[in-house]
Amino acid sequence: MSAKVYPSVEAALDLLRDGMTIMSGGFGLSGNAEACIEAIARRGVKDLTIISNNCGNQGQGLAVLLKNRQVRRVVCSFIGGNPDLAEQYLGGTVEVELNPQGTFAERIRAGGAGIGGFFTPTGVGTIVAEGKEVRDIDGRKYVLEKPLRADLAIIRAAVGDRLGNLRFHRTSRNFSPLMAMAADVTVAEIDRLVEPGALDPDDVHLPALFVKRLVEVREHKNVIEFRTTRKRQTDGAEGGS
C-alpha cells in the first residue's frame with residue numbers, strides 16, 4: 001500500500017531529465033506544487049517545456065525555473081505579471097504558445113482522454129487559428145485544436161491516502177486533475193497523508209489510478225499575489241473583508 005509514497009521530493013522526482021515536458025497544476029500561485037518546483041530548480045535540468053496556466057508570477061512559483069534559464073518553451077493561457085517570461089520571450093530565448101483558457105483546459109482533458117483533437121469556435125479568425133485546420137460545421141467555423149500531454153505532472157493536493165486518492169482544497173484544484181490524467185507520471189505533493197479508507201469515496205476528487213507517486217509536504221509558503229481588504233462595517237450595515 002505504501003509503494004507510491006516516497007520519503008522526499010527529490011526521491012519522487014528522480015526521473016527528471018533535460019528536455020522533459022512538465023505539466024504543473026496551479027492558477028497563479030494557488031495550488032502550486034511548491035516543493036516539487038523547488039526540487040526541479042535544484043536539479044538544474046534544462047530545455048524544459050512547461051505546460052501551466054501561467055509560468056509563475058512576480059518571480060515566484062514556476063518563474064524560479066525561468067530565472068534559472070531552465071525553460072525552453074511555455075504552453076499557457078496567461079502571461080501577465082511575469083516579467084521573467086516577458087523578458088525571455090521578447091529576447092527569443094523562450095518560446096511561448098498562448099491559448100484561450102477554455103481551449104487550454106480542453107486540450108489537456110483531450111490528452112488524458114485519448115482524444116485526437118476537437119473543434120472549437122474559439123479563436124477562429126484570429127492569430128490563434130493560424131496554421132490550424134478550420135472547418136465549417138452547420139454554417140459555423142471551427143478551428144481544430146490538438147491534445148496536450150506531458151512526461152510528468154506535478155500537482156498539489158490537500159489530502160491523499162497511501163493508494164493515491166486525492167482531495168484538493170477548493171479552487172486550488174483548478175487544472176490538476178486534468179493534468180494528472182494527461183501525463184505519463186504524476187507526482188502528487190500532498191499536505192496531509194492518510195490511511196486508505198480515511199477519505200470517503202464521494203470526497204475523492206482524483207482517483208488513485210492517475211497518481212504514480214506521492215510525497216507528503218507539511219510546510220508551504222501559500223503565497224498570495226496581492227492581498228486586498230476593505231474595512232468591515234461595525235454599525236450593522238452590510239460589509240466584509
The strands (runs of 3 or more DSSP E) lying entirely within region 1-85 that contain at least 1 residues which are without any contact (Cβ under 8 Å) to a residue 12 or more places away in the chain, in contact with an Asp or Glu (Cβ under 9 Å, 6 or more places away or on another chain) and not polar (S, T, N, Q) are none
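Tell me which strands (runs of 3 or more DSSP E) are completely within region 146-233 and hold 2 or more residues being free of Cβ contacts under 8 Å to residues at least 40 places away in the same chain, or say none if there are none. Don't jump to the end; show me each part of the working.
Values: elements: 150-161, 183-194, 213-216.
Once the strands (runs of 3 or more DSSP E) in region 146-233 are filtered for at least 2 residues that are free of Cβ contacts under 8 Å to residues at least 40 places away in the same chain, what remains is 183-194.
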Query raised in the report: Quick check: anything in region 174-190 surrounded by fewer than 18 Cβ atoms within 10 Å (Cβ to Cβ), of a type outside the set (Asp, Glu) and within 20 Å of Asn54 (Cβ to Cβ)?
Result: no
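Give the residue that is farthest from Glu34 (Cα to Cα), with candidates limited to residues of region 44-61 that are touching a strand residue (DSSP E or B) at 6+ places or on another chain (Cβ under 6 Å) and among the hydrophobic types (A, V, I, L, M, F, W, C).
Leu48
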Flagged pairs (Cβ under 8 angstrom, 6 or more apart or on separate chains; first in region 86-101, within 19 Å of Gly26 (Cα to Cα); second of a type in the set (Ser, Thr, Tyr) and open to solvent by less than 50 Å² (accessible area, probe 1.4 Å)) are Leu98/Ser77; Asn99/Ser77; Pro100/Ser77; Gln101/Ser77
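Does region 92-101 hold any residues that are open to solvent by 60 Å² or more (accessible area, probe 1.4 Å) and not charged (D, E, K, R), and which are they?
Gly92, Thr93, Leu98, Gln101, listed by residue number.
Here's the yes/no breakdown for (1) out of contact with any Lys or Arg (no Cβ under 8 Å at 6 or more places or on another chain); (2) of a type in the set (Gly, Ala, Ser):
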residue: Leu29; (1), (2): yes, no
residue: Glu38; (1), (2): yes, no
residue: Ala41; (1), (2): yes, yes
residue: Val45; (1), (2): no, no
residue: Ser52; (1), (2): yes, yes
residue: Cys55; (1), (2): yes, no
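The values are calculated or read from the model by the stated rules, or taken from the named source; none is laboratory data. Keep in mind that what you see is a predicted model, and the values were worked out from it rather than measured. In this analysis, Cβ positions are derived from the backbone assuming ideal geometry, glycine residues included, and neighbour counts consider all displayed protein chains. Ligands, DNA and RNA are excluded from the accessible area calculation, which covers all protein heavy atoms including side chains. Shrake-Rupley method; radii C 1.70, N 1.55, O 1.52, S 1.80 Å.
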